[in-house]
Amino acid sequence: MNLNFSDNLVPYIPFILQGLWVTLGVVIVSALIGFILAIILALFKISRVKALQWFADAYTSVFRGTPLILQLMIIYFGLPQLLGGVDIPPYVAAVSAFALNSGAYMSEVIRAGIQAVDKGQREAAMALGVPYKKMMWDIVMPQAFKNILPALMNEFITLTKESALVSVIGTMDLMRRAQIIGGKTYGFFEPLLFVGLVYYLLIIILTFVGKMIERRLKQSD
């Protein structure tokens, strides 16, 4: 096999690892924004206001029904055309696309978690005169999050892997740096294999953290 890790990979490991912080930045910021958006959409979906339900369902349908890479390219390449040539930085485009997409998926998970909470608890809270907002945040949401934590962690893991797509718009993440090294050394296998290992280790860590949080939540019941 024509592999040369000493020349095609080892000298460039520090350069590739610098992309780890870009990858983590995109994932963490996108997940936080997407999570907030998902809560809002989930509350819209269970609202009695038909317009809010329609908006949330339409939003989810669009972002779940189209490829993520298409959404990313529309934001990065398409929006500047509508905005009169205003450039959108790759990082901003990446975070926007992933947050909007992740929010659509997580909203369904959160909605299901809220509706899985026993209706009797909500009825009892309303009978005691507990305001709707306080009931949702202090009674319903904590129980819902315990039930949906595995699904939320799975979405976070998926988001971490899909973040590699940002390389197509020039974001200097792990994948993009591996491609640059491959073009420089004409050896793509070695840097891509290394990046695959980094992603794999990230997923293992996230899986471990998710299970640890689940155990603590169960112990607190």
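Some points to look at:
- The range 28-87 and the range 151-221: distance between their alpha carbon centers, rounded to Å: 23
- Neighbourhood net charge (9 Å Cβ-Cβ; Lys/Arg +1, Asp/Glu -1) for SER167: +1
- Panel order for PHE208, PHE44, PHE145, by other beta carbons found within 10 Å of each beta carbon, from fewest to most: PHE208, PHE145, PHE44.
- D (Stokes-Einstein, µm²/s), Kirkwood Cα radius, the range 155-198, 1.002 mPa s at 20 °C: 199
- Based on Cα contacts under 8 Å between residues 6+ apart, the range 5-219 shows a relative contact order of 30 percent.
- Given +1 at the Cβ of Lys and Arg, -1 at the Cβ of Asp and Glu and no other charges, the dipole of the range 5-219 around its Cα centre is 700 debye to the nearest 20.
- Residue-span extension gain [LEU70 to GLN53] - 0.36 nm each, minus C-alpha spacing: 3.6 nm
- The label-point distance for PHE5 and VAL168, in a model that sets each label 7 Å from Cα toward Cβ, rounds to 3.1 nm.
- Intensity falloff of the range 1-75 expressed as log10 I(q)/I(0), Debye formula with alpha-carbon point scatterers, at q = 0.13, 0.18, 0.25, 0.26 Å⁻¹: -0.63, -0.87, -1.13, -1.15
- Karplus (6.51, -1.76, 1.60) ³J(HN,Hα), θ = phi - 60°, over the range 102-110, in Hz, Gly and Pro reported as x: 5, x, 5, 5, 5, 4, 5, 5, 5
- From phi via Karplus (6.51, -1.76, 1.60), per-residue ³J(HN,Hα) for the range 200-210 in Hz, x at Gly/Pro: 4, 5, 4, 5, 4, 5, 4, 4, 5, 4, x
- Cross-link table LYS133/LYS211; LYS50/LYS133; LYS50/LYS161, entries beyond 26 Å C-alpha to C-alpha: LYS133/LYS211; LYS50/LYS161
- Dipole axis of the range 5-219 (+1 Lys, Arg; -1 Asp, Glu on Cβ), positive-most option in ILE33, VAL166, PHE189: ILE33
- Cross-link reach is defined here as a Cα-Cα straight distance under 16 Å, omitting same-chain residues fewer than 8 places apart; for LYS134 the aspartates and glutamates meeting it are GLU123.
- Prolate/oblate/rounded label for the chain (Cα gyration tensor, a/c 1.5): oblate
- Approximating the spin labels as points 7 Å out from Cα along Cα→Cβ, the LEU201-to-LEU17 distance works out to 0.7 nm.
- The alpha-carbon of LYS119 sits under 18 angstrom from the alpha-carbons of these aspartates and glutamates, leaving out residues fewer than 8 places away in its chain: ASP138.
Read-outs: derived from the displayed coordinates by stated rules, not from any lab. Because the structure is a prediction, the values reported are computed rather than measured. Backbone-built Cβ (ideal geometry, glycine too); neighbour counts: all protein chains shown.
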